Amino acid sequence: MTPPHVGSTHQEPASWLVRARGITKAFGEGDTKIPVLKGVDIDVASGEVLLLVGPSGSGKTTLLSVIAGILESDEGDVQILGESIQELSASGKTNFRRDHLGFIFQQFNLLPTLTAAENAAVPLFIQGVPKLEAIARAEEVLRTMGMGERLKSLPTKLSGGEQQRVAIARALVGEPQLLLCDEPTASLDGETGHRVVEQLCAVGKHPDRAVIIVTHDSRIFEFGDRIVHMEDGRVDQIQQREADLL
């Protein structure tokens, strides 16, 4: 990988898919109150793969959850596709996530009574896609991840890496406009992780989509258009691939 250069966290307004300003978040009350995010500003451009890196406790996963509207920020504003997430009702946020976002969490959250293909198809079921069509689309994604022989397996019969691939397929199957990933390669070997990240990037490179990946895995740094380093609840440094500056 060509060493990235320091770049700006901001993009031209016309290219924003995500725009976050002044995001603060603390947990606890009084003497036990712990500030986790301390005024974070960040933009994510359409067609971009953005990596969030930094030590444990730096606020990466909290920021990801605030962007998704899963956690409420204490201050600041997040806009996705021009929609202010804070202004949506609880049901509005749920519907917005259903229609526009895909998630890959550290906890796989697979449903134990569903097969691998059925688990991967869950977002399509929620969107009202007919069952057979939904499962067929999920199976197609799983096959690209080397899971063709495990389509009908229950989660208890899958290894940790296989469960993670099902969780990734579930996030990809609906072709979300914004894909949010928390350590997507943590349980994968190098070759499988490389293949999976290539698929995530294929989503992000679409001109109307973007991908945000929280990671400690330096093996995938080469895939990031920008790498945002977080430290103590703040954006410490932004690196941009040199190729993008030429």
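Throughout, read-outs are computed from the coordinates displayed, never taken from laboratory work. None of these values were measured; they are calculated from a predicted model. No Cβ is skipped: glycine too gets one built from the backbone with ideal geometry, and neighbour counts run over all protein chains shown.
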Practice problem: For Arg219 and Ala136, compute 0.36 nm times the residue count separating them, minus their Cα-Cα distance, and round to one decimal in nm. | Solution: 26.7 nm
Practice problem: Note down the nm distance, to one decimal, between modelled labels 7 Å out along Cα→Cβ at Glu231 and at Arg195. | Solution: 3.8
Self-check item: the stretch 42-168, relative contact order [Cα under 8 Å, separation at least 6], %
Solution: 21
Quiz prompt | lysines with Cα under 18 Å of Lys33, excluding same-chain neighbours fewer than 8 positions away | solution = Lys25
Exercise. Could you list the trypsin sites (Lys or Arg not before Pro) in the stretch 107-178 that lie in coil according to DSSP, counting only those with at most 16 other Cβ atoms within 10 Å of their Cβ?
Key: Lys152
Practice problem: Pairs of Cα atoms under 8 Å, at least six residues apart: use those to get the relative contact order of the chain, whole percent. | Solution: 30
Self-check item: Folded to 0 to 90 degrees: helix 160-172 orientation relative to the chain principal axis, Cα
Solution: 80
Quiz item: For the chain, modelled as a GNM with alpha-carbon contacts under 10 angstrom, which of Ala90, Ala116, Ala210 fluctuates the most?
Solution: Ala90
Quiz item: Just in the stretch 13-92: which trypsin sites (Lys or Arg not before Pro) are loop by DSSP and have at most 14 other Cβ atoms within 10 Å?
Solution: Lys33
Exercise. Taking each pair of different alpha-carbon atoms in the stretch 148-246 once, compute 1/r for the pair, average those values, and report the inverse of that mean as the Kirkwood hydrodynamic radius in Å to one decimal.
Key: 14.9
Exercise. Output the antiparallel fraction of DSSP beta bridges having both residues in the chain, as a percent to the nearest 5.
Key: 60
Practice problem: Identify the GluC sites (Glu not before Pro) of the stretch 80-188 meeting these criteria: DSSP loop state and at most 11 other C-beta atoms within 10 Å of the C-beta. | Solution: Glu149
Quiz item: Taking only Cα atoms, what is the 0 to 90° angle, nearest 10, from helix 190-204's long axis to the longest principal axis of the chain?
Solution: 70
Quiz item: For the chain, what class follows from the C-alpha gyration tensor (a ≥ b ≥ c being the square roots of its eigenvalues): rounded when a/c is under 1.5, otherwise prolate if a/b is larger than b/c, else oblate?
Solution: prolate
